[in-house]
Amino acid sequence: MLSKSQARAFFLGFTLLFSGVFLFLTVDTIRQVPARSHEDRLTPDVVAGKEIWERNNCMGCHTLLGEGAYYAPELTKVVERRGEVWMRTFLKDPQAMYPGRRKMVQYNFDDQQITELIAFFRWVGEIDTNGFPAKPDMTTAGFVAQAAVGSTGKLTAPEGAAAAPGATSAAPAYFDQVCKGCHAVAGAGGVVGPALDGVGGRLDAAALDVWLKDPASVKPGTTMPNLALPDATRAELVAYLTTLR
């Protein structure tokens, strides 16, 4: 058993030791912050995007770097996960992307504000967070088949699945960045809309073009949004979809 003097010495000694360890770790952490957060990339657009984030109380629904509310998705890696094209389309009109489903407020952001928000999210996503957040498991219809998320954060087909049954051309960038948010091909993509495997065998190019130009004119009440696709983008999508047989 320790005497009073020994106990006092034990207490004081280890208090000083662990206080020193704590101070060292604190200083070391602060020293690493500029490099890990890429402080040199804090452009005016990034700063403006952060101000928009705070001014609109986005953390009232979303989490960022693990901080915030859990009502809406975590956004630390949203640029990596979704891509700039999808984000621009969504932020312009959240309800149009998921009619009758999304509850995100329409903030009426202009193009410059959207650019600033994306710059802010990109900067946040590049912070070294020691692997946080973990890459999500992306699922297909029925939440059965698992889609693997590669090192680039883009969706790929599950192991053993074909890249795209019957496809004779690669998917255009817009399809990968936007359409896959709702639709799956070869087991990779979203579950909001139907899988598109075989769609080229069911609809010809003309029907696909009319559908993409104005879905509601073909099927009133459809949840498929009118994305106001430019003619060139729509043509690319039609050419690709007709190969899915």
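None of the figures in this text is laboratory data; all of them are computed from the coordinates on show. All figures in this text were calculated on a predicted structure; none of them were measured in a lab. Every residue, glycine among them, receives a Cβ derived from its backbone with ideal geometry; neighbour counts consider all protein chains shown.
So how many Å³ per residue does the convex hull of the Cα atoms of the range 39-125 work out to?
Details: hull volume 7.9 nm³, N = 87.
Taking the convex hull of the Cα positions in the range 39-125, it is 90 Å³ per residue.
Each of Leu2, Leu229, Leu196 has some number of other Cβ atoms within 10 Å of its Cβ, and from fewest to most they run Leu2, Leu229, Leu196.
Could you grab the relative contact order for the chain? Cα pairs under 8 Å, six or more apart, rounded to a whole percent. Can you show the working numbers first?
Details: 334 pairs, mean separation 40.3, N = 245.
The value is 16 percent.
Cα gyration tensor of the range 10-53, axes a ≥ b ≥ c as square roots of the eigenvalues: rounded (a/c below 1.5), prolate (a/b > b/c) or oblate? It comes out prolate by the Cα gyration axes. By the rule of a C-alpha distance below 17 Å, with chain neighbours fewer than 8 residues away ignored, the aspartates and glutamates paired with Lys135 are Glu74, Glu80, Glu126, Glu159.
For the chain, what D do you get in µm² per second when you plug the Kirkwood radius from alpha-carbon pairs into Stokes-Einstein at 25 °C and 0.890 mPa s? Let's see the in-between values first.
Numbers: Rh = 21.2 Å.
D = 116 µm²/s.
Here is the size of the range 167-245 from its Cα atoms: Rg then Dmax, 11.6, 32 Å. Across the cross-link table entries Lys77/Lys219; Lys103/Lys180; Lys77/Lys213; Lys92/Lys180; Lys92/Lys219, which are compared at the Cα atoms, the separations over 26 Å belong to Lys77/Lys219; Lys77/Lys213.
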